[in-house]
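Data block below; observations after.
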Amino acid sequence: MTRNRQWIYARKPNAEVGPANFDLRETEAPQPRAGEVLVRTTLLSLDPASRAWMQGATYRSQLNPGDVMAGWGLGEVVESHAEKFAPGDLVSGEFGWQEYAALSAHRLTKHDKRHKPEHLLSVLGITGLTAYFGMLDVGRPRPGETVLVSAAAGAVGSVAGQIAKLSGCHVVGTTRGRDKCKWIVDEFGFDAAIDYSEGNLDRALKAACPRGIDVYFDNTGGEMLAAALRRMNVFGRVSCCGAVSQYDTASPAPGPFGVPGFLVTKRIRMEGFVVMDFYNRRAQAEAALARWLEEGKIKAAVDIVEGFENMPSALADMFAGKNRGKLMVRVG
Ligand SMILES: NC(=O)c1ccc[n+]([C@@H]2O[C@H](COP(=O)([O-])OP(=O)(O)OC[C@H]3O[C@@H](n4cnc5c(N)ncnc54)[C@H](OP(=O)(O)O)[C@@H]3O)[C@@H](O)[C@H]2O)c1
């Protein structure tokens with residue numbers, strides 16, 4: 001018998017998510033059926049959206065207490081009943097928060113082992129694709145423009161900012177605390193950083209974006225979105241990637257003042273997207289991201305927490321802003 005530890009989403013959070021919302025369960029590893037593959041998880045991704053799935057339906061159905069917690073992972077095939085996979089293959093998919101998963105072959109992606117596993121779950125995975133398409137296809141930055149990126153020290157934000165720099169833009173990032181501000185400038189080449197926890201966003205944006213904002217890559221929603229709209233230039237673009245400031249609560253704030261007012265008067269295009277919308281073009285984006293990484297034109301920021309038992313606390317830490325870059329847990 002192979003032991004399979006699972007984190008169960010046990011109790012709906014009334015406010016901030018934490019270990020009290022999860023139970024650790026030990027069961028037997030599942031038996032793969034025809035067309036399925038048994039995978040041993042090696043790395044699990046932590047994502048802000050996990051919290052939103054606990055609250056209600058988003059772009060996917062709501063999770064319910066009793067479900068294995070949902071999440072993306074990377075792992076190794078241990079047994080295959082599907083033609084395209086063999087033991088030892090490196091694969092990713094929605095494994096859930098568990099050590100073993102039996103998944104239908106069509107829900108798995110096989111990876112080239114020349115890449116580092118942690119890069120496959122970050123800059124060369126969903127994180128990188130989100131930054132790539134959200135910045136280039138939705139934001140459409142042009143050389144010389146000013147680009148603002150929120151949650152810029154995080155997984156998507158750090159890559160989105162670097163892509164805007166490669167597009168020849170003046171790039172400003174927002175994050176929490178002076179250390180993280182310094183880090184995004186020194187490590188990723190942001191031109192300026194704003195510590196949003198100091199308040200007075202209008203004054204900070206005016207100083208960091210003296211020529212206004214042409215593209216706002218919005219990871220946070222909330223106050224930052226409201227302040228960015230006030231500073232946007234005519235014909236600006238807001239790429240709505242996520243609203244992390246509104247996930248970790250049972251009562252999200254209403255949308256910002258200025259919609260649709262500023263959109264009309266400033267002719268702003270504000271567009272939401274989900275990375276899966278671009279899935280048929282992922283090979284193009286993966287190739288570009290891998291090339292930039294190899295050439296040293298972008299840097300990967302990976303924050304690895306050791307130990308499957310730390311999944312719930314790592315998720316809570318993400319909302320406290322403790323991660324730098326892509327947060328993931330090494331499962332063993
Ligand atoms: N559209 C898509 O297809 C897609 C795909 C993936 C991710 N996303 C979205 O992209 C955004 C970033 O996700 P990620 O995976 O890259 O996570 P991440 O940025 O690595 O981690 C989340 C970060 O959000 C910040 N944060 C937490 N609470 C906040 C608050 N109340 N106000 C402002 N900032 C807060 C924290 O950084 P600070 O220290 O800076 O506060 C934290 O490090 C999320 O909104 C996510 O939902 C969208």
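Our coupling estimate for the range 193-199, obtained by passing each phi through the Karplus curve with A = 6.51, B = -1.76, C = 1.60 and θ = phi - 60°, is 9, 10, 8, 5, 6, 7, x Hz, Gly and Pro reported as x. Taking the Cα centre of the range 203-270 as origin and assigning +1 to Lys and Arg Cβ atoms and -1 to Asp and Glu Cβ atoms, the resulting dipole is close to 440 debye. Rounded is the label for the range 126-276, because the ratio a/c of its alpha-carbon gyration tensor axes (a ≥ b ≥ c) stays below 1.5. Averaging 1/r over each pair of different alpha-carbon atoms in the chain and inverting the result gives 20.5 Å, the Kirkwood hydrodynamic radius. Of Ser245, Ser61, Ser167, the residue with the greatest mean-square motion in the GNM of the chain, using alpha carbon springs below 10 Å, is Ser61.
Overall, the chain carries a charge dipole of about 920 debye about its Cα centre when +1 sits on the Cβ of Lys and Arg and -1 on the Cβ of Asp and Glu, all other atoms neutral.
Assign one of three labels to the range 246-332, namely rounded, prolate or oblate, based on the Cα gyration tensor with a ≥ b ≥ c the square roots of its eigenvalues; rounded applies when a/c is under 1.5, prolate when it is not and a/b is larger than b/c, and oblate otherwise. Judged from the Cα gyration tensor, the range 246-332 comes out oblate (a/c at least 1.5, b/c at or above a/b). Compared with the dominant principal axis of the Cα atoms in the chain, helix 222-231 is inclined by about 30°. Shape of the range 195-274 from its Cα gyration tensor (a ≥ b ≥ c, root eigenvalues): rounded if a/c is under 1.5, otherwise prolate when a/b > b/c, or oblate? Oblate is the answer for the range 195-274, as a/c is 1.5 or above yet b/c matches or exceeds a/b.
Amide hydrogen proximity for Gln62: with H placed 1.01 Å from N in the peptide plane, the residues at 5 or more positions away or on another chain lying under 5 Å are Ala57. Here the range 126-276 is treated with +1 on each Lys and Arg Cβ and -1 on each Asp and Glu Cβ, and its dipole about the Cα centre works out to around 460 debye. Once the C-beta distance of Arg281 and Asn200 is scaled by a Förster radius of 51 Å, the resulting FRET efficiency is 0.80 to the nearest 0.05.
The stretch between Asp67 and Leu263, if pulled fully straight at 0.36 nm per residue, gains 66.5 nm over its current Cα-Cα span.
Counting neighbouring beta carbons within 10 Å and listing from fewest to most, the residues Thr58, Thr42 come out as Thr58, Thr42. DSSP bridge analysis restricted to the chain gives an antiparallel fraction near 55%, rounded to the nearest 5.
Look at the dipole of the chain built from charges on Cβ: of Leu120, Ser197, Leu229, the Cα furthest out on the positive end belongs to Leu229.
Other residues with beta-carbon under 13 Å from the beta-carbon of Arg140 carry, at +1 per Lys or Arg and -1 per Asp or Glu, a net charge of -1. Computed over the chain, relative contact order equals 18 percent, with contacts defined as Cα pairs under 8 Å that lie 6+ residues apart.
Between the beta carbons of Arg330 and Met1, assuming R0 = 22 Å, the FRET efficiency works out to 0.40 to the nearest 0.05.
Residues Glu16, Glu79, arranged from fewest to most other Cβ atoms within 10 angstrom of their Cβ, appear as Glu16, Glu79.
Taking +1 at the Cβ of each Lys and Arg and -1 at the Cβ of each Asp and Glu, which of Phe217, Cys240, Phe262 sits farthest along the dipole of the range 126-276 towards its positive end, judged by Cα position relative to the Cα centre? So the residue furthest toward the plus end is Phe262. Ranked for footprinting exposure by Cβ neighbours inside 10 Å, fewest first, Val275, Val238, Val215 give Val275, Val238, Val215. Here's how it looks for Gly154: its modeled amide H is under 5 Å from those of Gly325, which are all 5 or more places away or on a different chain. What do you get for the angle between helix 178-188 and the principal long axis of the chain? Use alpha-carbon atoms, 0 to 90 degrees, nearest ten. That works out to roughly 80 degrees. Taking 8 Å as the Cα distance limit and 6 or more residues as the minimum spacing, I'd like the relative contact order of the range 126-276 as a percentage. Over the range 126-276, the number comes to 23 percent. Think of the chain as having a plus end and a minus end, set by charges on the Cβ of Lys, Arg, Asp and Glu; of Asn310, Val78, Ala131, Ala131 sits farthest toward the positive end of this dipole.
Every number in this text was worked out from the coordinates using simple rules, so none of it is lab data. Predicted model only: the values in this text are computed from it and were never measured. Glycine also receives a Cβ, built like all others from the backbone with ideal geometry; neighbour counts cover every protein chain displayed.
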